[in-house]
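Undergrad: Take a look at the following structure, please.
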């Protein structure tokens with residue numbers, strides 16, 4: 001229901017000027033150009049993210065890369081850096097970077113963890129016995145990696161790639177900063193100008209159409225890949241592949257990711273702090289913005305998990321048409337720019353649920369609609385991995401089906417649920433447009449402050465907020481990255 | 001322990017005319033099975049023969065197309081009605097044990113009990129029954145495969161089920177451990193006085209553990225009898241060859257249907273054949289005695305030893321009699337070097353099946 005509300009609003013709004021206007025708008029040359037640009041950007045970024053994310057995950061999980069425990073966590077850190085912050089860091093250093101190249105650089109640097117993390121988790125779960133069998137049948141290590149491991153990782157990789165595509169399609173901060181004209185920027189402009197809301201709504205509908213095609217393509221690519229283990233015993237930990245002289249290029253590869261994605265933005269912020277000409281913002285203001293950011297993020301994480309549990313469990317256990325539609329609709333909503341969701345919730349809020357309009361509940365609902373797929377995906381994957389046999393045993397011991405969810409399914413899926421909650425928490429901390437529109441009057445978050453200062457190029461005033469955001473987002477991110485290593489020992 | 005069974009019935013489980021298809025594939029048809037209260041019954045059948053489907057129907061995880069399942073005298077499944085698994089009081093012990101990994105031993109065993117001081121006592125009681133007292137606080141990963149299987153049994157026994165069903169519970173254990181765990185598990189079931197249904201493809205397991213063995217072949221129960229009767233008096237040729245090893249030899253059944261003539265000569269029949277004329281006789285390997293040609297009375301069939309496999313307590317010898325291999329089970333001290341000639345004497349009667 002939540003996921004469908006924005007679409008209802010959009011269709012209503014788009015058809016406001018008659019269907020003739022809709023068709024004219026869709027068939028305009030400019031709309032076609034926008035589709036090409038958005039899709040081109042999404043495809044470029046996703047392809048690079050898949051290559052970077054999968055290679056990095058494989059190096060960390062399966063080779064003797066020096067310092068791989070630290071690298072494993074460090075590679076997840078870009079999740080803590082908002083795309084617009086990374087974009088500001090680059091543009092303020094070299095304004096000439098603006099454009100397609102800069103947008104690709106920033107979007108890859110901030111969104112490759114969406115591929116890296118699920119791939120790493122899947123690699124940890126794979127039974128190395130399969131690879132050993134392939135080796136014993138005469139395959140060389142690289143052949144095994146390409147022919148067997150990559151194939152078994154396909155569901156994880158495509159799921160991650162889907163998140164990247166949808167993220168790129170809906171990202172606003174980075175493309176706006178890089179002045180690369182894609183859908184979101186134009187939609188935002190149309191709303192801001194306020195004179196042509198139906199044009200923005202029509203463009204949003206086109207964007208939803210693109211997202212639907214992507215989601216359908218992903219579910220086809222995922223196919224019916226069965227990665228279940230047959231037989232008894234727990235999988236052993238894979239023996240790391242010795243890199244030998246290959247460790248120099250491997251380490252250079254990792255540095256080539258970490259420097260632009262993590263080191264550079266952090267260095268820029270520290271530089272802004274140091275060269276601050278104006279007074280640093282008072283500590284009290286930073287602390288209060290931090291407090292409301294953490295509180296809102298926590299609320300959003302809890303609410304998203306509560307909604308995601310039933311959807312994720314249904315999606316994992318029943319592959320009926322209805323369930324699939326529900327699951328996919330949550331993904332499509334994810335592709336909508338935050339601003340579209342926010343405005344459609346304003347519309348609903350002002351008409352239907354007036355009491356919570358411009359209050360915290362409506363803002364939290366907005367976050368849930370935006371970030372539900374993160375939570376649903378995490379819950380679904382972890383439920384799929386807990387054997388259905390355990391649920392049957394619980395039933396035979398006299399537990400009702402809702403009792404089984406509470407006493408067996410949910411506790412077993414706990415690592416996945418925690419990971420999903422952490423991802424929603426992080427995404428909410430960084431979220432900008434929906435917060436801008438839906439926040440209760442007077443509420444300031446770190447992201448809002450940051451945005452206000454950077455849009456007027458007051459980087460040094462923005463620096464403390466950027467630092468607070470990154471430090472506090474880095475903690476859950478590191479936990480998320482680190483969690484994948486203890487999962488194998490438990 | 002099973003006080004709420006209606007006294008009129010006396011059967012813990014009745015399966016009457018059950019049929020089940022998956023799409024076009026008919027897995028079970030006209031299955032009949034009755035288990036008396038307190039007894040242990042094995043359903044023996046080849047892999048993929050519908051055993052697990054039958055078990056899942058009894059436990060309430062599958063529906064039926066036709067037929068009725070009555071548990072403790074009440075109808076639990078019919079084509080129109082399915083009682084949900086949690087209200088059937090059928091405990092299951094799955095193949096891999098399937099202990100809840102997030103709970104310790106006490107949490108697993110007490111899963112089906114309502115919380116309270118009685119549950120602590122009951123957990124200790126059933127753990128003692130399976131020989132694992134004092135393991136309450138251990139995690140499933142700290143247990144060996146055999147211990148996990150016994151905890152799974154304790155978990156199924158704890159809520160006093162009307163019936164427990166075991167799905168190939170020892171298949172994943174190694175051979176040495178299997179016999180030991182099997183004995184422990186069935187001792188515990190007998191001590192608890194619980195009715196049990198064991199599903200297995202292992203004929204030794206079925207014959208040694210159950211009071212009654214039901215053979216599931218081609219989707220229905222073709223014979224249900226005590227282990228001894230099943231082995232000695234199989235009603236059909238496929239049952240005879242599935243339960244234990246057998247030499248199946250073409251034969252002509254005499255007109256009085258009490259003897260048959262085959263390549264080993266004339267053999268008496270233990271049971272009158274249904275028809276005379278062309279048929280086959282079944283002779284168990286242990287019924288064949290190998291004699292040195294010099295010691296043998298006249299008229300016995302002779303053959304040349306082809307190979308010999310040594311099993312420790314006995315040995316199997318394959319003898320070529322007129323181009324057909326006959327298998328004999330002999331004591332280890334019987335000399336039967338490959339290449340030597342032996343005479344074959346048949347102990348006791350054979351079974352004949354008309355074709």
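The values are calculated or read from the model by the stated rules, or taken from the named source; none is laboratory data. These figures come from a predicted structure and were not determined experimentally. Note that we place each Cβ from the backbone using ideal geometry, even for glycine, and neighbour counts take in every protein chain shown.
Undergrad: Which condition from (1) crowded, with 22+ Cβ neighbours inside 10 Å; (2) at pLDDT 90 or above; (3) within 12 Å of chain A (Cβ to nearest Cβ) is the one that residue B:107 breaks?
TA: Single failed check for residue B:107: (1).
Undergrad: So for segment A:249-267 (the condition being at pLDDT below 90 and either more than 28 Å from residue A:68 (Cβ to Cβ) or surrounded by 14 or more Cβ atoms within 10 Å (Cβ to Cβ) (or both)), does at least one residue qualify? Working first, answer last.
TA: First, the residues of segment A:249-267 that are at pLDDT below 90: none.
Looking through segment A:249-267, none of the residues is at pLDDT below 90 and either more than 28 Å from residue A:68 (Cβ to Cβ) or surrounded by 14 or more Cβ atoms within 10 Å (Cβ to Cβ) (or both).
Undergrad: Can you tell me which of (1) surrounded by fewer than 21 Cβ atoms within 10 Å (Cβ to Cβ); (2) at pLDDT below 85 is the one residue A:444 doesn't meet?
TA: (2)
Undergrad: In segment B:337-347, what residues are surrounded by fewer than 17 Cβ atoms within 10 Å (Cβ to Cβ) and farther than 14 Å from residue B:265 by Cα?
TA: B:337, B:338, B:339, B:340, B:341
Undergrad: Additional query: Among B:11, B:36, B:59, which is at negative phi, at pLDDT below 95 and surrounded by 24 or more Cβ atoms within 10 Å (Cβ to Cβ)? It would help to see each step written out before you state the result.
TA: Working: B:11 fails: surrounded by 24 or more Cβ atoms within 10 Å (Cβ to Cβ); B:36 fails: surrounded by 24 or more Cβ atoms within 10 Å (Cβ to Cβ).
The unique qualifying residue is B:59.
Undergrad: Right, something else. Can you pull out the helices (runs of 4 or more DSSP H) entirely within segment A:370-471 that have at least 1 residues that are away from chain B (no Cβ under 14 Å) and in contact with a helix residue (DSSP H, G or I) (Cβ under 6 Å, 6 or more places away or on another chain)? Break it down into steps so the answer makes sense when it comes.
TA: Values: elements: A:388-396, A:401-404, A:414-430, A:433-438, A:446-455.
Once the helices (runs of 4 or more DSSP H) in segment A:370-471 are filtered for at least 1 residues that are away from chain B (no Cβ under 14 Å) and in contact with a helix residue (DSSP H, G or I) (Cβ under 6 Å, 6 or more places away or on another chain), what remains is A:414-430, A:433-438, A:446-455.
Undergrad: In the list B:139, B:122, which residue meets the criterion of being within 14 Å of another protein chain (Cβ to nearest Cβ), closer than 23 Å to residue A:392 by Cβ and surrounded by fewer than 17 Cβ atoms within 10 Å (Cβ to Cβ)?
TA: Numbers: B:122 fails: surrounded by fewer than 17 Cβ atoms within 10 Å (Cβ to Cβ).
Just one listed residue meets the conditions, B:139.
Undergrad: Within segment B:309-335, how many residues turn out to be in a loop (DSSP other than H, G, I, E, B) and either out of contact with any strand residue (DSSP E or B) (no Cβ under 7 Å at 6 or more places or on another chain) or surrounded by 19 or more Cβ atoms within 10 Å (Cβ to Cβ) (or both)? Don't jump to the end; show me each part of the working.
TA: Let us first name the residues in segment B:309-335 that are in a loop (DSSP other than H, G, I, E, B), namely B:311-314, B:322-323, B:331-335.
Now narrow it down to the ones that are either out of contact with any strand residue (DSSP E or B) (no Cβ under 7 Å at 6 or more places or on another chain) or surrounded by 19 or more Cβ atoms within 10 Å (Cβ to Cβ) (or both): B:311-313, B:322-323, B:331, B:333, B:335.
Of the residues in segment B:309-335, 8 are in a loop (DSSP other than H, G, I, E, B) and either out of contact with any strand residue (DSSP E or B) (no Cβ under 7 Å at 6 or more places or on another chain) or surrounded by 19 or more Cβ atoms within 10 Å (Cβ to Cβ) (or both).
Undergrad: Return the residues of segment B:248-289 that are touching a helix residue (DSSP H, G or I) at 6+ places or on another chain (Cβ under 7 Å) and closer than 15 Å to residue B:349 by Cβ; say none if nothing qualifies.
TA: B:280, B:282
Every residue, every condition in (1) touching a strand residue (DSSP E or B) at 6+ places or on another chain (Cβ under 9 Å); (2) modelled with pLDDT of 90 or more; (3) closer than 30 Å to residue B:337 by Cβ; (4) in a strand (DSSP E or B), yes or no:
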position: B:244; (1), (2), (3), (4): no, no, yes, no
position: B:268; (1), (2), (3), (4): yes, yes, no, yes
position: B:286; (1), (2), (3), (4): yes, yes, yes, no
position: B:293; (1), (2), (3), (4): yes, no, yes, no
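Undergrad: Looking only at segment B:30-43, which residues are over 9 Å from residue B:221 (Cα atoms) and in a strand (DSSP E or B)? Full working, then the answer.
TA: Of the residues in segment B:30-43, the ones over 9 Å from residue B:221 (Cα atoms) are B:34-42.
Within segment B:30-43, B:34, B:35, B:36, B:40, B:41, B:42 meet the criteria.
Undergrad: Only one of (1) in contact (Cβ under 8 Å) with a residue 40 or more places away in the chain; (2) under 28 Å from the mean Cα position of the chain (by Cα); (3) more than 9 Å from chain A (Cβ to nearest Cβ) fails for residue B:165. Which number is that?
TA: Failing condition for residue B:165: (3).
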